[in-house]
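J.: Here you go, one structure.
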Amino acid sequence: MSIRIPDVASAQHVDIPLSSNHDVASPLRYPGGKSVLSGFVQTLMSASGLKGGTYVEPYAGGAGIALRLLRDGIASRIVINDLDPDVYAFWDSAVNHPDGFLRRFDAVEPTIDEWKRQRRIIRESDDPLDRGFAFFFLNRTNRSGVADGGVIGGLRQEGRYKVWARYNKSKLRDKLVFLANHGQDIDVLNMDGMEAASEYLSRKKTFVYIDPPYVDKGSSLYLNALTEQQHRDLAGTLERNRAAAWMLTYDDTRLTRELYTGFPGGLFPLRYSAASHRQATELAVFSDTTSQALQKVMERRETDNGTETGPLGMERAANRANPA
Ligand SMILES: C[S@@+](CC[C@H](N)C(=O)[O-])C[C@H]1O[C@@H](n2cnc3c(N)ncnc32)[C@H](O)[C@@H]1O
């Protein structure tokens, strides 16, 4: 039986399986982090014959998927690109200058005095390593990991959780040492996401996962948000690269549905760790190549199992009208 991934325009639900959130490979806490999609991306890369290839995130943020794919041997090389100078400073210093980064890490404890000192550094220092470490420290000690979220527990530490609540030094050190040991497999870039996407979409044995700032909530969560024109330009770039291997996720808005009408994809529920277990519906869009690979996986599963549902669960969704 032939299975077809629905068109974005039909707003059907695609039943994307989410991986456990407990196995986070990234040292950063990230609002809107997509680690839970790592098992699904692994399936897509394997089905596309890209196992052992390069995995690229043009809007990387916490890069949780990238690090899991590298750790699990699905990707042999990962590209972490982010335009935010502090996000970049973190990745660049932790990956490319690990001795200096780990020295700073080992020397500080998560206290209120240290939080004040790191906040001063991020406001005043020009030193990239100091800024990279300060971004990391504040990401681990601020509410929800947000730059202007304020310290966990408040300055007087009267809250239920304290400044150290998300700062398990031994676990964080392991994650930082992983970066240090894999520096030769990780490229860290500070380009515009669309340029990074264009650059890698044409490369062989490469999978690109695009997770741009949201159309609706972009500016409140991140330092950067895209203009409507930038969202439109990105869609144009992806349209020109329908034959490449990529997946895109977005917030479900009128604009995103309009831009990706005619592409394979649909809606799926995603639970955010940043905003108090809020669940939102996101839009997943696939390139033609990725969607064909996905269809083959689903067809094989159906033949093997003789059932309607497989681990991807999209079989049901793909064949059922389920308007949002
Ligand atoms: C939705 S987040 C990505 C979250 C990431 N997928 C994760 O799992 O952690 C979007 C990221 O894009 C970055 N960003 C914003 N505008 C950008 C641009 N024009 N080019 C590249 N990165 C950009 C932000 O700094 C933010 O880290």
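Any read-out appearing in this document is the output of simple, stated calculations on the displayed coordinates, not a laboratory observation. Computed from a predicted structure; not experimentally measured. Cβ atoms come from the backbone with ideal geometry, glycine included; neighbour counts cover every protein chain shown.
J.: Can you give the FRET efficiency for S46 and R160, using 1/(1 + (r/R0)^6), R0 = 35 Å, r = Cβ-Cβ distance, to the nearest 0.05?
T.: 0.25
J.: For a quick protection proxy, order the peptides 138-148, 281-291, 226-236 by their average other-Cβ count within 10 Å, most packed first.
T.: Ranked by mean Cβ neighbours within 10 Å, highest first: 281-291, 138-148, 226-236.
J.: Another question, then. With n ≥ 4 as the cut-off for DSSP H runs, can you work out [θ] at 222 nm for the chain, using -39500 (n - 2.57) per run divided by the number of residues, rounded to the nearest 500?
T.: -12500 deg cm²/dmol
J.: Explain nothing, just compute: Karplus ³J(HN,Hα) = 6.51 cos²θ - 1.76 cosθ + 1.60, θ = phi - 60°, for every residue of the stretch 38-50 in order, whole Hz, x for Gly and Pro.
T.: Couplings: 5, x, 5, 5, 4, 4, 5, 5, 5, 5, 8, x, 10 Hz.
J.: Could you order peptides 67-73, 253-259, 122-128 by the average number of other Cβ atoms within 10 Å of their residues, highest first?
T.: My ranking of the peptides, most packed first, is 67-73, 253-259, 122-128.
J.: Taking the Cα centre of the stretch 88-185 as origin, work out the dipole magnitude from +1 charges on Lys and Arg Cβ and -1 charges on Asp and Glu Cβ, in debye rounded to 20.
T.: It comes to approximately 540 debye.
J.: Related question: Near the amide H of Y250, under 5 Å away, which other amide H atoms are found, from residues 5 or more places off or on another chain, if H is placed in the peptide plane?
T.: Under 5 Å from the amide H of Y250 lie the amide H atoms of L283, each far enough along the sequence or on another chain.
J.: Just need the Rg to Rh number for the stretch 1-100, please, alpha carbons only, Kirkwood Rh.
T.: The Rg/Rh ratio comes out at 1.03.
J.: On a 0 to 90° scale, report how tilted helix 288-305 is relative to the longest principal axis of the chain, with both axes built from alpha carbons and the result rounded to the nearest 10.
T.: Helix 288-305 and the main axis of the chain meet at about 70 degrees.
J.: So, one more: With unit charges on the beta carbon (Lys/Arg positive, Asp/Glu negative), name the residue among I78, Q42, W246 whose Cα is farthest towards the positive pole of the charge dipole of the chain.
T.: The Cα lying farthest towards the positive end belongs to Q42.
J.: Given the options K116, K175, K162, state which has the largest fluctuation in a GNM of the chain using a 10 Å cut-off (strictly under) for Cα springs.
T.: K116
J.: For the cross-link pairs K51/K296; K51/K169; K34/K296, which exceed 22 Å when the distance is taken from alpha carbon to alpha carbon?
T.: K51/K169; K34/K296, as the Cα separations exceed 22 Å there.
J.: Looking at V285, A235, A94, which one has the Cα that reaches farthest to the positive end of the dipole of the chain (charges on Cβ: Lys, Arg +1; Asp, Glu -1)?
T.: My answer, from the dipole projection, is A94.
J.: Could I ask something else about it? Please report, in Å, the Rg and the Dmax of the chain, where both are computed over Cα atoms only.
T.: When restricted to the Cα atoms of the chain, Rg and Dmax are 20.0, 64 Å.
J.: Applying the Karplus parametrisation 6.51 cos²θ - 1.76 cosθ + 1.60 with θ = phi - 60° to the phi angles of the stretch 139-148, what ³J(HN,Hα) value in whole Hz is obtained for each residue in order, glycine and proline being reported as x?
T.: Ordered by residue, 3J(HN,Hα) equals 4, 7, 10, 8, 4, 6, x, 8, 3, 9 Hz.
J.: Need the full-extension length gain, N168 to T237, defined as separation in residues times 0.36 nm minus the C-alpha distance. One decimal, nm.
T.: Once the chain is fully extended between N168 and T237, it gains 20.8 nm.
J.: Suppose every Lys and Arg Cβ carries +1 and every Asp and Glu Cβ carries -1, with no other charges. What dipole size does the chain come out with about its Cα centre, to the nearest 20 debye?
T.: For this selection, approximately 840 debye.
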